[in-house]
Structures are given as C-alpha cells and as structure tokens.
C-alpha cells in the first residue's frame, strides 16, 4: 500500500478532469496494485465519476445544481465566505468526497466514456488537496 498527496489548482466553480493525473500516479507506483482510493480533503469541493465524452454533460450537471442548490438562499444561516459558501457545502455532501476505483491494466478501471473529476463548488482560485491511496 502507498499513499501520496496531489494538489490541484482550480480557477472557478466547475470541474477539472483528473483521470490522467491519477493514472500517472498509478503507473509511477511501480508495484502491482488493485484499488485506488481518492479522497478530497475539503468541504466545498468533491469528486464525481461521469461521462467524459461530451462537455455538455458537465454543463448540464452544473445547471442542475444551480437549480436545486442555489447560492445565497435566504434560508441558509452559514455564509461566512460569501453567497456560494453553504451551497458549496451542500453540493459536496450530495456528490461526495471520496471514490474507490479498481485498477485494471495499470490504470483506473473506468468505463469507456467515464472520467474522474474534481468538482469545485466555490468561485475564485483554490488549491485542493487530494489523498490517493493505492493498495
């Protein structure tokens, strides 16, 4: 088993595909591994697996969240860091902070059109820490 950290800089709300970055870490491992666990150590950014073949999928996901988890909702009590603060926390709870993916042929065992994405829920630039555990 091995573990390392990966830091990803985000520039705005939205997604960053991290499939190839994680596959690179798996290849550098140099030992056979069967599972990859990825954890994002933040409360306003999350991980998701979804289609990577059409960028409209990601835009539709964001549009959906804009409708169901609105920024600056008057019922939110927590808004310490701005209008997107509580909505970011809710989005993270809904999409999740960790993924465990089998490794096949020395890479993430995703489906043909699947990708692993970091989903940033805040405005502005952020540096997000991921902890990758290979076993």
- [ ] Evaluate the relative contact order of the stretch 2-134 (contact order divided by residue number), counting alpha-carbon pairs under 8 angstrom at least 6 apart; express in whole percent.
- [x] 55
TODO: For every helix of n ≥ 4 consecutive DSSP H residues, a contribution of -39,500 (n - 2.57) applies; sum these over the chain, divide by its total residues, and give [θ] at 222 nm rounded to the nearest 500 deg cm²/dmol.
DONE: -8500 deg cm²/dmol
Open item on the list: Quick check on the exposure proxy: order 61, 75, 27 from fewest to most C-beta atoms within 10 angstrom.
Closed with: 75, 27, 61
Open item on the list: On C-alpha positions alone, give me the angle between the axis of helix 19-29 and the longest principal axis of the chain, in degrees, nearest 10.
Closed with: 40
Task: Order of 76, 64 - criterion: other Cβ atoms within 10 Å of each residue's Cβ, fewest first - done: 64, 76
Open item on the list: What do you get for the angle between helix 55-68 and the principal long axis of the chain? Use alpha-carbon atoms, 0 to 90 degrees, nearest ten.
Closed with: 40
TODO: Mind pulling the angle between the C-alpha long axis of helix 85-95 and the longest principal axis of the chain? Nearest 10 degrees, somewhere in 0 to 90.
DONE: 40
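Order these by the 10 Å Cβ neighbour count, fewest first: 108, 94.
Numbers: 108 22, 94 12.
The order, fewest Cβ neighbours first, is 94, 108.
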- [ ] Describe numerically, in nm with one decimal, the distance between label points set 7 Å from Cα along Cα→Cβ at residue 48 and at residue 31.
- [x] 3.5
Open item on the list: With equal scatterers on the alpha carbons only and no solvent term, can you work out the Debye log10 of I(q)/I(0) for the chain at 0.10, 0.14 1/Å?
Closed with: -0.34, -0.64
- [ ] Return the whole-Å distance between the Cα centroid of the stretch 1-47 and the Cα centroid of the stretch 99-135.
- [x] 5
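Values quoted throughout were computed directly from the atomic coordinates according to the rules given, and no laboratory measurement underlies them. None of the values given here were measured: they were computed from a predicted structure. With ideal geometry, Cβ positions are generated from the backbone for all residues, glycine too; neighbour counts draw on all protein chains shown.
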